[in-house]
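Working notes for the structure below.
Throughout, read-outs are computed from the coordinates displayed, never taken from laboratory work. These numbers come from a predicted model, not from an experiment. Backbone-built Cβ (ideal geometry, glycine too); neighbour counts: all protein chains shown.
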Amino acid sequence: MKELFNKIGALFLALLILGSTTSWTVQEHYCLGHLVEVSFFDSPDGCGMDMDASEEMSCCTEEVYVEDGQDQLQLNYEGFEPMNPDLLAAALFVWVVLFEEYPVEQAPNYIHPPPKLVKDIQLLDEVFLI
């Protein structure tokens with residue numbers, strides 16, 4: 001189950017980085033004020049009306065939304081400071097104590113085991129669990 005969650009988390013983070021670094025362009029084609037077509041990667045085909053005749057008399061409009069992604073994914077070490085040694089020591093101590101193996105305690109009756117059953121007591125006493 002843990003491996004499944006790790007794989008799902010890794011896939012989610014990979015898609016998050018892919019989505020943040022990709023530029024997105026959405027083009028919408030309106031005809032007479034109504035949305036006719038939406039295109040994500042290519043320009044929309046339109047509604048078939050002639051838009052080239054004159055722009056001021058045209059009944060069609062197009063809106064373009066552009067979202068630029070990140071172009072640089074470089075690490076910046078200018079403001080990097082090493083970790084505080086006290087914090088590192090505390091984290092190491094917690095890590096060691098967290099995974100410390102404790103001795104296995106034996107059951108309290110390990111010296112005197114319970115007696116072996118010779119006869120079925122419930123059957124002899126006619127006591128049955130219902």
Added length on full extension, which subtracts the Cα-Cα distance from 0.36 nm per residue, ILE121 to SER43: 19.5 nm
Within the chain, what's the longest stretch lacking chymotrypsin sites (Phe, Trp or Tyr not before Pro) that sit in DSSP loops with no more than 10 other Cβ atoms inside 10 Å? 1-39
What's the angle, to the nearest 10 degrees (0 to 90), between helix 2-21's Cα axis and the longest principal axis of the chain? 20 degrees
Using alpha-carbon coordinates, inclination of helix 85-98 to the longest axis of the chain, degrees: 50 degrees
Which of GLY69, GLY79, GLY19 ends up with the largest GNM mean-square fluctuation for the chain, with Cα atoms connected below 10 Å? GLY79
Indicate the gyration tensor shape class of the chain (rounded, prolate or oblate), computed on the Cα atoms with a ≥ b ≥ c the square roots of the eigenvalues: a/c under 1.5 is rounded; otherwise a/b larger than b/c is prolate and the rest oblate. oblate
